[in-house]
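J.: Provided herewith is a single structure, encoded as structure tokens, for subsequent inquiry.
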Amino acid sequence: MAAEQHPGGDDALMAAITGEPLPPDARADARGEYRSATADVALLREQLNLIGGALGGTVPEDRPAPAPAPA
């Protein structure tokens with residue numbers, strides 16, 4: 001079954017990903033999609049930063065570094 005198409009929905013998602021605002025003449029449903037996509041992208045960025053930090057060995061500033069493993 002094909003995914004449901006929403007005209008302008010892709011534009012709202014792309015604007016949220018790139019951090020650009022929607023045009024002033026955007027439809028109300030596109031503005032709602034943009035707000036939702038912006039929140040999703042912010043959460044995704046936060047989670048990816050945590051994963052990258054864990055893989056890279058850095059510790060977020062709000063957490064203490066773990067104790068070193070005994071030798």
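J.: In sequence order, what are the phi-derived ³J(HN,Hα) couplings for the range 41-48 according to the Karplus relation 6.51 cos²θ - 1.76 cosθ + 1.60 with θ = phi - 60°, rounded to whole Hz, with x for glycine and proline?
T.: For the range 41-48, the Karplus-derived couplings read 5, 4, 5, 4, 4, 4, 5, 5 Hz, x marking Gly and Pro.
J.: Next question. By average Cβ neighbour count within 10 Å, what is the ranking of 39-48, 26-35 from highest down?
T.: Highest mean packing first, the order is 26-35, 39-48.
Here, each number is a calculation from the coordinates, and none is a lab measurement. Since the model is a prediction, treat every value here as computed from it, not as a measurement. Here the Cβ is made from the backbone with ideal geometry for all residues, glycine too, and neighbour counts use every protein chain on show.
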